[in-house]
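Down below is the structure, laid out as structure tokens.
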DNA sequence: ATACGACTTAAACCTTGGTTTAAGTCAAGA
DNA sequence: TCTTGACTTAAACCAAGGTTTAAGTCGTAT
């Protein structure tokens, strides 16, 4: 199986190496393998798990909640329902946050309209 | 003109008083009036400015950028074009962030589908 | 042989966005 | 009068999410 060094993984995921080390310390990189010299080896599975972590981070899940999710993955099939429930709840949170952003955007667009009109009027 | 105490303003805006004091310290509450005893007096204008600040915060504008916006408001009409440009740029940032969240949500929904299927299969 | 680049660690440091604390002022009601 | 509640301040504190630093270990190309 192909393995990536931390530098390669960082480049593929477009995040700093220091962040990958930080994530490992926080428990987000379970069962990470090492070579004889102690260097981390990222498998394809680790990379795709990190992509999932990226989705969760982009949608503002906290590191401690992501850790709970990872812990459940490690625990195995008995936690599938818990994981499903977590993802469903998170989806609702994200939809609510997107709604709030869209609502707030209306207030911003109103400012844009006002300022645009004021600039137009000033030209008359 | 009607004025609100910090407690009333906090209740109307549904944020802690300490946050209002913090915002003032950061320069987000310009020209705030005081009564003879030194207590803050929030006008209707201040409240509606704070509602705008809320829109900007909900869409993840940083406090220092919000301060720049407020400073331009204080500066007067000569900054309308700068404010318009800021709001237009911010709108684009917000739309990009919403897109990213929607993209990431797809990855989450994929998990939901997988877990749902696995639970269904386990029942066969 | 040695120097370089890529890796390792623990610990210190940083920013953001507040919240909490301690000590004090003031107005109003009992 | 005295206490209670709502306010004031400066400064300390906090959590999250990293980033940076310092010191060290490898493997490899010169």
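Here, each number is a calculation from the coordinates, and none is a lab measurement. Every value quoted in this text rests on a predicted model; they were computed, and no experiment measured them. Neighbour counts run over all protein chains shown; Cβ positions are idealised from the backbone, glycine included.
Here are some notes:
- Scanning chain B for the Cβ atom closest to the axis that brings B onto A yields residue and whole-Å distance B:98, 3.
- When restricted to Cα atoms, chain A yields an Rg and a Dmax of 21.4, 76 Å, respectively.
- Residue A:113 versus residue B:92: modelled label distance in nm, points set 7 Å from Cα along the beta carbon direction: 2.2
- Here residue B:102 yields copy-to-copy label distances, from shortest upward, of 0.9 nm, the label point defined as 7 Å from Cα along Cα to C-beta.
- The range A:3-122: relative contact order in percent, alpha carbon pairs under 8 Å with at least 6 residues between: 20
- Whole-angstrom gap from the range A:41-106 to the range B:15-52, using each part's C-alpha centre: 37
- Axis of helix B:44-58 versus longest Cα principal axis of chain B: the two differ by about 30°, to the nearest ten degrees.
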